[in-house]
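Quick notes on the structure that follows.
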Amino acid sequence: MIFYFSGTGNSRYVARQLADLMGDTVCDIASYTRSAAGDTFRDDRPFVFVAPVYVAAPALSLLEFLQKSSFQGNRKAYFVMTCAGTMSASPAFCRKAAEELGLEYMGTASVKLPQNYIAYFSMKSAEENRKIIGDAQPVIGALARDILAGKPFADPEINKLEYASTVLILKPYYRWFITAKKFRVEDSCIGCGKCEKLCPLGNIRMEGGLPRWGVHCTHCMACINFCPKDAIEYGKGSVGKPRYRGPEQTLKQTDGAKHRD
């Protein structure tokens with residue numbers, strides 16, 4: 001079984017690609033992250049967990065889901081991190097999560113996909129993003145073959161200082177910097193409620209036809225990137241930047257074309 005946490009769709013795309021190649025099933029953990037709950041899962045296949053890298057570690061939502069859940073049957077656990085750069089200290093966190101669950105840690109691998117962090121980073125063109133997605137295909141294929149063969153991923157060595165410093169800053173960083181305070185909506189908002197439906201933490205509520213953000217944001221950037229009118233901004237950091245709506249829509253998109261949903 002393949003579990004994924006995803007905002008703009010990079011990790012969902014990888015999870016679905018792996019499932020197609022392996023003949024496996026996928027589980028979107030958004031229903032659990034919205035309710036801050038876990039569950040008991042059983043499968044005879046290895047468990048595969050796919051999530052983005054946030055703040056040099058796996059998305060905290062995935063780690064919290066794992067802490068609240070149990071996994072029975074097959075004891076092997078593979079982790080796949082999606083990122084625009086490197087997965088930093090993620091393997092150390094994944095190893096720890098597997099050990100706490102009593103699972104056999106089979107390694108952590110990364111798949112590079114387009115940048116979606118519009119609040120702070122520059123965004124690439126559709127053409128550039130299509131190339132990045134294309135380059136990811138053989139990587140995903142190799143991971144699927146390793147999992148089917150029961151072969152561990154080649155886990156990179158993580159510097160102990162890097163892991164310790166990430167542990168030290170992770171929760172304070174989430175508390176003080178991963179907030180929704182700078183999100184705002186422009187007059188072009190049509191009140192469609194798509195942002196509310198997409199939020200994997202249930203942190204958005206429509207009030208008076210406009211979105212209102214709560215205090216449980218994880219900066220997945222789903223709301224801002226998928227707004228059909230580009231009506232959501234994050235302070236000044238997102239102004240004028242092209243939106244990224246995930247691999248599937250990017251592969252269909254042409255440069256210069258207006259996003260349509």
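Residues checked against (1) in contact with a Gly (Cβ under 9 Å, 6 or more places away or on another chain); (2) part of a loop (DSSP other than H, G, I, E, B); (3) farther than 22 Å from L201 by Cβ:
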position	(1), (2), (3)
V80	no, no, no
F93	no, no, no
E99	no, no, yes
I140	no, no, yes
D146	yes, no, yes
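Condition first: in contact with a Pro (Cβ under 8 Å, 6 or more places away or on another chain) and crowded, with 18+ Cβ neighbours inside 10 Å. Can you find one or more residues in the range 210-217 that meet it?
If we filter the range 210-217 for residues that are in contact with a Pro (Cβ under 8 Å, 6 or more places away or on another chain), which is where we start, we get none.
Looking through the range 210-217, none of the residues is in contact with a Pro (Cβ under 8 Å, 6 or more places away or on another chain) and crowded, with 18+ Cβ neighbours inside 10 Å.
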- Task: Could you look through the range 6-30, keep only residues that are in a helix (DSSP H, G or I), in contact with a strand residue (DSSP E or B) (Cβ under 7 Å, 6 or more places away or on another chain) and not charged (D, E, K, R), and pick out the one that is surrounded by the fewest Cβ atoms within 10 Å (Cβ to Cβ)?
- Result: A19
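Go through the range 65-78 and count every residue that is in a helix (DSSP H, G or I) and over 16 Å from the mean Cα position of the chain (by Cα). I'd like the intermediate steps shown before the answer.
Taking the range 65-78 and keeping what is in a helix (DSSP H, G or I), we get 65-67.
Next, only the ones that are over 16 Å from the mean Cα position of the chain (by Cα) stay: 67.
Count: 1.
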- Message: Tell me the residue from A180, A222 that is within 20 Å of the chain's Cα centre (by Cα), under 24 Å from R130 (Cα atoms), buried (at least 16 other Cβ atoms within 10 Å of the Cβ) and among the small types (G, A, S), please.
- Response: A222
- Item | Looking only at the range 148-176, and only at residues there that are at pLDDT below 95 and in a loop (DSSP other than H, G, I, E, B), the one that is most open to solvent (accessible area, probe 1.4 Å) | E157
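Yes/no per residue for (1) open to solvent by less than 10 Å² (accessible area, probe 1.4 Å); (2) within 20 Å of K96 (Cα to Cα):
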| site | (1), (2) |
| --- | --- |
| Y4 | no, yes |
| Y32 | no, no |
| F41 | no, yes |
| R45 | no, no |
| L62 | yes, yes |
| Q67 | no, yes |
- List the pairs whose first member sits in the range 85-99 and is closer than 18 Å to Y4 by Cα, whose second member is of a type in the set (G, A, S) and assigned to a helix (DSSP H, G or I), and whose Cβ atoms are under 9 Å apart, counting only residues at least 6 apart or on separate chains? none
- Pick from the range 28-43 the residues that are in contact (Cβ under 8 Å) with a residue 40 or more places away in the chain and more than 22 Å from L18 (Cβ to Cβ): which of them is nearest to the chain's Cα centre (by Cα)? R34
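The values are calculated or read from the model by the stated rules, or taken from the named source; none is laboratory data. On a predicted model such as this, the values are computed, not experimentally measured, just so you know. Glycine also receives a Cβ, built like all others from the backbone with ideal geometry; neighbour counts cover every protein chain displayed. Please note that ligands, DNA and RNA were not included when accessible areas were found on the heavy atoms of the full protein model with its side chains. Shrake-Rupley method; radii C 1.70, N 1.55, O 1.52, S 1.80 Å.
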